[in-house]
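Colleague: One structure, pasted below without further comment.
The values are calculated or read from the model by the stated rules, or taken from the named source; none is laboratory data. What you are looking at is a predicted structure, and each value in this text was computed from that prediction instead of being measured. Positions of Cβ are generated from backbone atoms using ideal geometry, with glycine treated the same way; all protein chains shown enter the neighbour counts. Just the protein is used for accessible areas: all its heavy atoms, side chains included, with ligands, DNA and RNA removed. Shrake-Rupley method; radii C 1.70, N 1.55, O 1.52, S 1.80 Å.
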Amino acid sequence: MTFILFFVLIICQLGENVEIDPSKTIIWGPGLRPDKITMRARYIFLQLIDSEGRNLTESPGKDVVTAQIQGKTTTDHACHIWTQILDCKDGSFIIRYKLHNTCFNLKLNIKVKHYHLPVLEFKGPVYEDECYCPDPSINNWLENLDCSKNYTQIHHDLSDFSNVDFDEIRQDIIKVYDKPGSISLCHYLIKSNKIFRECYGKYVGFKIFMDSILLSITRKVVLPNIEFFVNLGDWPLVPKGSKTYPIFSWCGSFDTKDIVMPSYDITESSLEAMGRVMLDMLSVQGNTDVPWKEKIEKVFWRGRDSRRERLDLIDISRQYPDLFNVSITNFFFFKDEMDKYGPGQSHVSLFQFFKYKYQLNIDGSVAAYRFPYLLAGDSLVLKQKSKYYEHFYNDLIPGKHYISVKSDLTDLVEKIRWAKEHDTIALKIAKSARQFARDNLLPRDVLCYHTVLFHEWSKRLKSKVKVLNNMEEVLQPKQSCKCYNNDVKFKEEL
């Protein structure tokens, strides 16, 4: 739910020649309900409004927004809370905070310049993310997160599976897809909110990503008993025209019928924000330091040689050096062409991409998983047409959220020149892309999508979910926090 708080009217002079009216400040985000919504990093958005009632569109200056978040532990000591403020340079700010303890009497004290906004207080408990305190009602939990009630991709992907009996197809799936040299997949069960799996294939290390999202969700809400298979590779597995087996994948294509989940990349960054990852959907918005009018009017791109069109891009850039700054960073697939397209250039932080006005999203082995971060930045995204897609692609509109270019890139130069000649429209598209990312691709949305998918999947299972002999349990991390008013009960024995 979007929360809008209006504050006592105070008009003050902030920044250079910018009047901000704190009474019209717009605040929203799951961080405003920390007692209801548990995340590794809770976050709040602030949109500053000027004295004429208009959204600020540029940064009002350093230290305009400050925040102090405090609470007490059960032993009356101060909670360990890490707070971070991100200036998105477009008149909006992100406040995010990470709890290392279960907190009581949590207080959010936010200031715009020298003026205190009303303090938000929560008696508690407010749990840290590692607490295993699941809400027994999945519908209640989805409502608290204000999850969408209509996911078009989920509806599309599950339309072929109205009545699934794993007792009939389980062994067939294993027989078809247990190909250790080329396919890696895991068979998962959720039973009484515990996680079990058995993996097949030579390279199954990516199971850690599926483990992580399942562990995170089951700490927060009781999932229904379900059974499913997860593809750990890049390429979707179930061809159209073949027998339709239910396989969950991180990428879909027009040639296949896999059930698509948020990619492991955006899922990991959502779960580990303010932790072991630097790049996430919020940090990218707070590290775009160059205003639109000062950005370099070129396409910036870096990536490995995982597709022929990426080499074609180098050819095009050499013909039009005034429009491109692009390079291959690593050669693997086309090592025999290094002399022509190399040498390989060093890695560049994605934060640095946004010094340039135009970004190119071009396929790698499958869909390029950097696309969400490019949308969240503040540059215009040009996206190659592709048969591959992630879970959110069907909700994007070409010309509104990005500029579409042909799959062979033959109209890329034309589209860049159009953008240079229509700068106001290009800026509008870039802003619309960032808003889409804020509405659909943040950590809350990743949790929602997975949970709704699993909930809808459970309704289609005919066979009883039972733990098989070779399965191992995926254990929750050890923690000592206490759950309050937790009346979770499981009717079925394992």
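Colleague: Starting from 0.36 nm per residue, how many nanometres of slack lie between residue 121 and residue 82 once their C-alpha separation is accounted for? Show your work: numbers first, answer last.
Modeller: Details: separation 39, 0.36 × 39 = 14.04 nm, distance 1.75 nm.
Gain in length upon complete extension: 12.3 nm.
Colleague: Could you order peptides 36-47, 398-409 by the average number of other Cβ atoms within 10 Å of their residues, highest first? Mind dumping the intermediate values first?
Modeller: On the way: 36-47: 22.0, 398-409: 16.2.
The most tightly packed comes first, giving 36-47, 398-409.
Colleague: Ignoring ligands and nucleic acids, what accessible area does residue 429 show with a 1.4 Å probe (Å², nearest 10)?
Modeller: 10
Colleague: Tell me the per residue accessible area of region 254-313 using a 1.4 Å probe; a whole number in Å² is fine.
Modeller: Numbers: 2110 Å² over 60 residues.
That works out to 35 Å² for each residue.
Colleague: Also, quick follow-up: Please label the shape of region 193-258 as rounded, prolate or oblate, based on the square roots a ≥ b ≥ c of the eigenvalues of the alpha-carbon gyration tensor (a/c under 1.5 means rounded; beyond that, a/b larger than b/c means prolate, else oblate). Please list the in-between numbers first.
Modeller: Numbers: a/c = 2.21, a/b = 1.67, b/c = 1.32.
Cα axes put region 193-258 in the prolate bin.
Colleague: Evaluate the distance, in nm, between pseudo-label points positioned 7 Å from the Cα of residue 289 and of residue 483 along their respective Cα→Cβ axes.
Modeller: A separation of 4.5 nm, rounded to one decimal place.
Colleague: Okay, moving on. Provide 308, 197, 444 ordered by accessible surface of protein heavy atoms (probe 1.4 Å), highest first. Each step should come with its number before you reach the end.
Modeller: Details: 308 90, 197 20, 444 45 Å².
The ranking, largest first, comes out as 308, 444, 197.
Colleague: Once the whole set of protein chains is in place, how much accessible area is left on residue 450, using a 1.4 Å probe, in Å² to the nearest 10?
Modeller: Result for residue 450: roughly 0 Å² accessible.
Colleague: Taking amide hydrogens as modeled 1.01 Å from N in the peptide plane, which residues meet the under 5 Å criterion relative to residue 247, leaving out close sequence neighbours?
Modeller: Amide H neighbours of residue 247: 259.
Colleague: Over the Cα atoms of the chain, Rg to Rh with Kirkwood Rh, two decimal places? Can you show the working numbers first?
Modeller: Details: Rg = 24.0 Å, Rh = 24.5 Å.
Answer for the chain: 0.98.
Colleague: Shifting gears a bit: Could you pull out every whole DSSP H run in the chain that spans at least 24 Å of Cα extent along its own axis and averages -1.0 or higher on the Kyte-Doolittle scale?
Modeller: Flagged H segments are 423-440.
Colleague: Once the piece of chain linking residue 278 and residue 346 is laid out straight, how much longer is it, given 0.36 nm per residue of separation minus the C-alpha distance between them? Don't skip to the end; give the middle numbers.
Modeller: Values: separation 68, 0.36 × 68 = 24.48 nm, distance 1.83 nm.
Roughly 22.7 nm would be gained on extension.
Colleague: From the cross-link list 355/415; 111/431; 191/240, which pairs have alpha carbons spaced over 24 Å apart? Provide the component values of the computation, followed by the final result.
Modeller: Values: 355/415 19 Å; 111/431 26 Å; 191/240 31 Å.
Over 24 Å apart, Cα to Cα: 111/431; 191/240.
Colleague: Okay, moving on. Stretch residue 165-residue 462 to full length: gain in nm at 0.36 nm per residue minus the Cα-Cα span? Before the final figure, lay out the partial values.
Modeller: Numbers: separation 297, 0.36 × 297 = 106.92 nm, distance 0.50 nm.
Full extension of this stretch gives 106.4 nm more.
Colleague: Taking only protein heavy atoms into account and a 1.4 Å probe, give the accessible area per residue of region 147-217 in Å². Spell out each step's value before the answer.
Modeller: Numbers: 3330 Å² over 71 residues.
I get 47 Å² per residue for this part.
Colleague: Suppose R0 equals 56 Å. What FRET efficiency, 1/(1 + (r/R0)^6) with r the Cβ-Cβ distance, do residue 174 and residue 36 give to the nearest 0.05? If you can, show how the numbers build up before the last one.
Modeller: On the way: r = 41 Å, r/R0 = 0.72.
Given R0 = 56 Å and the Cβ-Cβ separation, E is 0.85.
Colleague: Next question, about the same structure. With contacts defined as alpha carbon pairs under 8 Å and 6 or more residues apart, what's the relative contact order of the chain in percent? Could the numbers behind the result be given before it?
Modeller: Values: 986 pairs, mean separation 73.0, N = 494.
Reported relative contact order: 15 percent.
Colleague: Please report the carbon-and-sulfur percent of the accessible area for region 203-286; probe 1.4 Å, protein heavy atoms only, DNA, RNA and ligands left out.
Modeller: Details: 1510 of 2470 Å².
That share works out to 61 percent.
Colleague: Region 392-494: which GluC sites (Glu not before Pro) are DSSP loop and have at most 10 other beta-carbon atoms within 10 angstrom?
Modeller: On the way: sites: 414, 421, 456, 472, 473, 492, 493; in loops: 492, 493.
Counting only loop positions with at most 10 other Cβ atoms within 10 Å, the GluC sites (Glu not before Pro) in region 392-494 are 492, 493.
Colleague: Taking just the alpha-carbon atoms of region 156-313, what radius of gyration and Dmax come out, in angstrom?
Modeller: 19.1, 61
Colleague: Helix-only estimate, please: 222 nm mean residue ellipticity of the chain, summing -39500 (n - 2.57) across DSSP H runs of length 4 or more and dividing by its residues, to the nearest 500. Walk me through the intermediate numbers first.
Modeller: Details: 12 runs with 118 residues, N = 494.
Here the helix-only value at 222 nm equals -7000 deg cm²/dmol.
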